[in-house]
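Each remark here refers to the structure printed beneath this line.
No lab work stands behind these numbers, since they all come straight from the coordinates. Quick caveat: nothing in here was measured; it's all calculated off a predicted structure. Methodologically, a virtual Cβ is constructed for each residue, glycine included, from the backbone with ideal geometry; neighbour enumeration extends over all protein chains shown.
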Amino acid sequence: MFHYLFRAVLHYNTAVMKRSGLLITILILFIVGCQAETAVTDPTTSPPTATTAVITTDPTEPPAPEEPTAVPTEPVATVESVVEEGGVVEETAVATEAAPTEIVLQTGRTEEGAYYLGDPNAPIRLIDYADFL
Amino acid sequence: MLDTEPQIIENYVKTGQVQIVFWPVLNHGNPSTFSTLTAECVAQQSTDLFWVVHERLFENLSELWSADREYYVNLAVEVGADQATFEACYDGPAGLEQILELDAIRRERGVYSQPIFDANGEVFGGYQQFDFYVELFDLLSEQ
């Protein structure tokens, strides 16, 4: 009797295990399917690149006096909208002040061989006698 | 000067009122010599790069006391200089002769310590606050 009881329990456990295994498999497939639908791939982005300031360079020979490079800008026009009575919108162009002219930094070498920054024709020359230590 | 210099550049150099000239002073033996030589050899490739390495050297001042050739080569490459060209200058006589000549000139001018500044003949020493330069440049502009 014990033998039959043992076989019955074994048969029952096997069935349960088969059923559980099936349920687990279905559950796993469900989860994987959900993740596949919701997965979002980030577009690849290029790594940030270092930027350096662009400044004009004079030749190493004693530079000839030259005007600093200027970037003139046009006056910027803006539009003002005025809503008059009756809902009529009147637009007028209003000229604003021009943006300040951008001076590009010059670099070069003096006649003696020291290195400078700025306009060689600047009214003030500031010599910095210095040691890096 | 490192703290005040950006303000001077922004307010006076960019507007064309002031030109800054860096004159090397070699008062601390080999560390002074090789750091200045590094700046010289980078500048021979690009005077723009001189000011980049100038800033880097001052920022890393504490490291310069023990810096060796490899340190300076790496620094030059980091700021954008060509390594082979830099090494040829660094190891050769011309760059060294140039900085030694500048050093001799500053002694002839009576400059024995650093930093010393000369603004259109007005000589003063030590690092000053930006307000000092504002007053100085205003004064010199009136002359």
Original post:
Size of the dipole of chain B about the Cα centre, Lys and Arg at +1 and Asp and Glu at -1 on the beta carbon, nothing else charged, in debye to 20?
Top reply: 240 debye
Subject >> Cα-Cα separations in the stretch B:97-143 greater than 15 Å, expressed as whole percent >> reply: 54 percent
Original post:
Projected area of chain B, taken from the Cα convex hull and averaged over every viewing direction, in nm²?
Top reply: 8.9 nm²
**OP:** Rank-order B:42-53, B:57-68 by packing density, defined as the average count of other C-beta atoms within 10 Å over each peptide's residues, highest first.
**Re:** B:42-53, B:57-68
**OP:** Divide, for the stretch B:22-65, the radius of gyration over alpha carbons by 2.2 N^0.38 Å, where N is the residue count.
**Re:** 1.07
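With Cβ to Cβ distances under 11 Å as the rule, what net charge do the other residues near B:Leu140 carry (K, R +1; D, E -1)? Let's see the in-between values first.
Working: positive: A:Arg125; negative: B:Glu122, B:Glu135, B:Asp138, B:Glu142.
Summing Lys and Arg as +1 and Asp and Glu as -1 gives -3.
Taking only C-alpha pairs under 8 Å that are 6+ residues apart, what is the relative contact order of chain B in percent?
Details: 100 pairs, mean separation 38.6, N = 143.
About 27 percent, as a whole number.
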Original post:
Where Lys and Arg each count +1 and Asp and Glu each count -1, what net charge lies around B:Gln44 among other residues with Cβ under 11 Å from its Cβ?
Top reply: -1
